[in-house]
1. Out of the strands (runs of 3 or more DSSP E) lying entirely within the stretch 22-120, which hold 1 or more residues that are modelled with pLDDT of 95 or more and closer than 14 Å to LEU132 by Cβ?
2. Within the stretch 1-18, take every residue that is assigned to a helix (DSSP H, G or I) and not hydroxyl-bearing (Ser, Thr, Tyr) and give me the one that is surrounded by the most Cβ atoms within 10 Å (Cβ to Cβ).
3. Restricted to the stretch 19-33, and to residues that are in contact with a strand residue (DSSP E or B) (Cβ under 7 Å, 6 or more places away or on another chain) and crowded, with 17+ Cβ neighbours inside 10 Å, which residue is nearest to SER106 (Cα to Cα)?
4. Would you be able to tell me the number of residues in the stretch 34-62 that are buried (at least 18 other Cβ atoms within 10 Å of the Cβ) and basic (Lys, Arg)?
5. If PRO69 satisfies every condition in (1) within 28 Å of GLU137 (Cα to Cα); (2) surrounded by 16 or more Cβ atoms within 10 Å (Cβ to Cβ); (3) in contact with a Phe, Trp or Tyr (Cβ under 7 Å, 6 or more places away or on another chain) but one, which is the exception?
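The values are calculated or read from the model by the stated rules, or taken from the named source; none is laboratory data. Bear in mind the structure is a predicted one, so any value in this text is a computation, not a measurement. FYI the Cβ positions are ideal-geometry reconstructions off the backbone, even for glycines, and counts take in every protein chain you see.
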Amino acid sequence: MWTTKASATSSATPASLWALWQDVSHWKDWDDSLAASTLSGEFSTGSTGTLQPKGAPHAMPFTLLEVSPLESFSNETTLPSATLHFAHHLEQTESGTLVTHQVTISGPVWQDYATRMGAELERDLPQTVAALARLAEQRQAQ
């Protein structure tokens, strides 16, 4: 198994950050690695959608595994012989809202995917979390 994690503290409220997470079709506004994303149905456990990374020939399906409003959600994409799991958490602290995203690759050939995607995920994840925090702060200020 391979994993990486990134966090940022935001002055935005959990509600402002949660609103951006729920707006799946606009994830590309804060996640520069995405060309598009969709959600079929509500932002709730069991709902499915698609993620299309920039440069990818097609979108990949995902499932929302756990949704705890204003606190956390996780989603999973099944790859050939591996699973890509994303966990997203909010925690209220004295200095603001701590936003954490974690990516885990598991399964029989996790090493192959970690070799192909790991460095890019480690590079992009801190930028993604920081962009989410900034966008929530900007929208909250409006």
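1. Details: elements: 34-40, 48-53, 60-68, 72-79, 82-93, 96-106.
Answer list for the stretch 22-120: 34-40, 72-79, 82-93, 96-106.
2. Initially, the stretch 1-18 is screened for residues assigned to a helix (DSSP H, G or I), giving 14-18.
Then drop every residue that is not not hydroxyl-bearing (Ser, Thr, Tyr), which leaves 14-15, 17-18.
Working: PRO14: 18, ALA15: 13, LEU17: 24, TRP18: 21.
Ranking the candidates gives LEU17 first.
3. Taking the stretch 19-33 and keeping what is in contact with a strand residue (DSSP E or B) (Cβ under 7 Å, 6 or more places away or on another chain), we get 21, 24-25, 27-28, 33.
From the residues that got through so far, the ones that are crowded, with 17+ Cβ neighbours inside 10 Å too are 21, 24, 27, 33.
Numbers: TRP21: 24, VAL24: 24, TRP27: 24, SER33: 21 Å.
Only one residue tops the list, namely SER33.
4. 0
5. (2)
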